[in-house]
């Protein structure tokens with residue numbers, strides 16, 4: 001588990017790199033697409049370069065659950081899907097600034 005994320009925060013603020021993913025690909029196969037999946041958040045990367053940096057927008061962190069499990073799905077040069085081994089789990093806590101719906 002990592003440090004909690006505050007809902008409504010942008011994880012890329014101040015030059016931060018929230019998640020950095022290395023792909024074990026010793027034969028250097030072509031990865032045509034990668035999809036980072038974390039709850040309702042899906043971030044698509046066409047022709048990704050690894051290590052892959054993933055940040056979440058304020059809108060995306062607002063949708064997170066108290067505990068979040070994230071996956072990476074990759075596609076080869078022929079569009080065939082492979083879900084990577086391993087997950088990332090992190091907590092999200094209520095943000096301190098609300099848009100009129102937290103009281």
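For the stretch 80-103, give me each residue that is in a loop (DSSP other than H, G, I, E, B), modelled with pLDDT of 95 or more and touching a strand residue (DSSP E or B) at 6+ places or on another chain (Cβ under 8 Å).
Passing the criteria: 84, 87.
Just checking, how many residues over the stretch 18-42 are out of contact with any helix residue (DSSP H, G or I) (no Cβ under 8 Å at 6 or more places or on another chain) and closer than 16 Å to residue 70 by Cα?
The qualifying residues number 14.
Do you know which of the residues in the stretch 1-31 that are free of Cβ contacts under 8 Å to residues at least 12 places away in the same chain and exposed (fewer than 10 other Cβ atoms within 10 Å of the Cβ) is nearest to the chain's Cα centre (by Cα)?
15
What tally of residues in the stretch 32-64 results from selecting those that are modelled with pLDDT of 95 or more, in contact with a strand residue (DSSP E or B) (Cβ under 6 Å, 6 or more places away or on another chain) and surrounded by 14 or more Cβ atoms within 10 Å (Cβ to Cβ)?
16
Count, please, the residues in the stretch 65-82 that happen to be within 12 Å of residue 32 (Cα to Cα) and either in contact with a helix residue (DSSP H, G or I) (Cβ under 9 Å, 6 or more places away or on another chain) or surrounded by fewer than 15 Cβ atoms within 10 Å (Cβ to Cβ) (or both).
7
The values are calculated or read from the model by the stated rules, or taken from the named source; none is laboratory data. The model shown is predicted, which means the values in this text are computed figures rather than measured ones. All Cβ positions, glycine included, derive from the backbone under ideal geometry; neighbour counts span all protein chains shown.
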